[in-house]
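Beneath this line is the structure, given in structure tokens, with notes to follow.
Values quoted throughout were computed directly from the atomic coordinates according to the rules given, and no laboratory measurement underlies them. Since we're looking at a predicted model, the values are computed, not measured. Cβ coordinates were reconstructed from backbone atoms using ideal geometry, including for glycine residues, and neighbour counts include every protein chain displayed.
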Amino acid sequence: MSDFSVEATRFQTPGPSTLETERVVIAIANGEITAVAPASSDEAAVLRADSPEHLNLGHDTVIVPGMIDLHIHAPQWQQLGTALDLPVQDWLQTYTFPLEARFADTAMAGVVYRDLVATLLAHGTTTAVYFASVHEPATLVLAETCAEAGQRAFVGRVAMDHPDATPEWYRDADAATGLTASARSIEAIRTADAGRGLVEPIITPRFLPACTDELLTGLGDLAETTGALVQTHCSESDWHHAYAFERFGKTDTSALDSFGLLRNRTVLAHSNHVTDADISLITQRGAAIGHCPISNAYFANAVLPVPELLAAGARVGLGTDIGAGVRPGVLQQCHEAVTMSRMRRDGVHADLSTAERGAPDSAIDTTTAFWLATAGGAEALGLPLGVLEPGRRFDAVAINLDHPHGVIRRHVDLDDDERLFEKVVRLAQTSDISQVWVDGRTVHRR
Ligand code: GUN
Ligand code: FE
């Protein structure tokens, strides 16, 4: 006996090159998908009959797995769409640290975070991996806000104490203070989740330039003792990549590893400049890359080699990197991931010959991009999400194909399901998203 069942055309990508489009009945009990059957089958009739509540979404709406944002800065929400004229290291000092420092005001944090979480849910982001700020109270407010709104989340108090790369008015007083604050924040978030398994803490050294060796060593130990996941920024830009060589005499990836921070399911934002040896190490450790294509266009100085990473067996998903990324939804990142990969394939210098200009075979399509946004992100975090199949949690998004305020248009004589899928990935906006579920609960309805 299920709690409820949903009938709809399901679009999903169980593999990076596998698109499934099928009309199905999905049965859900205690937030878990217990059965899925083709809508015309005898089994579907049983699932319908066994459900106290059966929701038929009709033929104008499709259902897709909830989207996973592997990298987002909650206290940068008010900066969205602005302040992208400087390189990342200057952007941090000029705009971002002053903005994040304001989150010492816990009441203000509550207002901003409630708006952010509601907006992300309306975009179909059912799981978000958040950088908060250095402040313990505001970080807890973010975790509580996610729990209240029903969004699945990893929430990290940002640890940063290095006097060279952080201002005196926005950093941990010293490594010991930062470590105590991070340890307390983990406990507080675990208490706030109250065993629901929806919101988890994540250890968050901002990036190597912002942290002393003592802080990094301590955070590596904290990951070992608490079992909490780790997130950080890795080899994002030319400047960031070169910094690690100067300070540690090795790559950012291997320096993170030597501090015990490159662990199973560590989320590395960006990583655009990783070497082949870095990719092997990332894969060996089971760490994951959060690819943030829009942000990368402003800050990264290079396009992430997604096909090469997938071929090497690395875990990869997508992130918005708000506020360096300028779009709140993960679907928008899918479109940009495809676009950037095409720019990389073809190259950008018309002066060069076609053969010299680009990186052959480096483009990805909408199927791979959507896989990154769903099953890829789920695999990165080790969560039973990303595909609507039995045994996984019911995190899902209903998308309307006919909403008058949207731009998706159906042409019955032209559009097969594959074309409709492409339209959904490239064109769907919040106006088209009619319902969002996390763990079987409705968390947004338009
Ligand atoms: N590197 C260190 N901090 C940040 C941040 O907030 N955003 C981005 N894009 N890169 C960073
Ligand atoms: Fe970031």
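Tally Lys and Arg at +1 and Asp and Glu at -1 over the other residues with C-beta under 13 Å from the C-beta of A228: what net charge comes out?
Local charge sum for A228: 0.
How many angstrom lie between the C-alpha centres of region 328-343 and region 242-291?
23
Cα centroids of region 1-72 and region 97-165: how far apart, whole angstrom?
Here the answer is 31 Å between Cα centres.
Can you order the peptides 40-50, 296-306, 121-131 by their average number of other Cβ atoms within 10 Å per residue, highest first?
In decreasing order of mean packing, 40-50, 296-306, 121-131 become 121-131, 296-306, 40-50.
At a threshold of 8 angstrom on Cα-Cα distance, excluding pairs fewer than six apart, so keeping six or more, what relative contact order does the chain reach in percent?
Relative CO of the chain lands at 20 percent.
What full-extension length gain, to one decimal in nm, is calculated for D221 and E418 as 0.36 nm per residue of separation minus the Cα-Cα distance?
66.2 nm
So, by mean Cβ neighbours within 10 angstrom, what's the order for 83-89, 394-400 with the highest one leading?
Top of the packing list down: 394-400, 83-89.
In what sequence, highest mean first, do 374-387, 164-177 appear when ranked by Cβ atoms within 10 angstrom?
374-387, 164-177
Check which residues have an amide H placed less than 5 Å from E32's amide H, if you skip close sequence neighbours.
Long-range HN contacts for E32: F394.
Using alpha-carbon pairs under 8 Å, 6+ residues apart, how would you state the relative contact order of region 389-446 in percent?
Across region 389-446, relative contact order equals 45 percent.
Convert each backbone phi in region 143-148 into a coupling constant with the Karplus relation 6.51 cos²θ - 1.76 cosθ + 1.60 (shift: θ = phi - 60°), then list the ³J(HN,Hα) values in order as whole Hz, x for Gly and Pro.
For region 143-148, the Karplus curve yields 4, 5, 5, 5, 4, 5 Hz.
Quote the relative contact order of region 240-303 in percent (integer), defining contacts as alpha-carbon pairs under 8 Å separated by 6+ residues.
Rounded, it is 30 percent for region 240-303.
Send over the per residue convex hull volume for the chain, Cα only, as a whole number of Å³.
Per residue, the Cα convex hull of the chain comes to 145 Å³.
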